[in-house]
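Since the structure comes first, as structure tokens, the remarks are kept for the end.
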Amino acid sequence: MKIENWLGEDNQIGIDIWNKKYCYENETFDAWLDRVSAGNEDIREMMIQKKFLFGGRILANRGLNTKGIKVTLSNCYVVE
């Protein structure tokens, strides 16, 4: 799957944001899904179906620590 398929080919703003904020070093959308889901197929599938997404910082940074990059996964939380 490509980011254009997931966000929609006409969603240039969304595609640009994904490329600038969430994609690491030109990784493919599938590689990004694998990194952010940490190989968990259930999470990956929920992300593809847009039933679940982590917060933005997690979408950008999860899995990068395995590449020796210091990251934080802290984000804003709302508890209802």
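The values are calculated or read from the model by the stated rules, or taken from the named source; none is laboratory data. The shown structure was predicted, so the numbers you read here are calculated from the model rather than taken from an experiment. A quick note on method: Cβ atoms are made from the backbone with ideal geometry, for glycine too, and the neighbour counts reach across all protein chains shown.
A few remarks follow.
- Test: residue 37 is modelled with pLDDT under 95, in contact with a helix residue (DSSP H, G or I) (Cβ under 8 Å, 6 or more places away or on another chain) and among the polar types (S, T, N, Q): no
- Failed item in (1) surrounded by fewer than 16 Cβ atoms within 10 Å (Cβ to Cβ); (2) at pLDDT below 95, with residue 13 passing the rest: (2)
- Subset of the stretch 47-58 (residues that are assigned to a helix (DSSP H, G or I), in contact with a Phe, Trp or Tyr (Cβ under 9 Å, 6 or more places away or on another chain) and modelled with pLDDT under 95): 56
- Among the residues making up the stretch 1-46, those that are touching a residue at least 12 places away in the same chain (Cβ under 8 Å) and aliphatic (A, V, I, L, M) are 1, 3, 15, 33, 36, 38.
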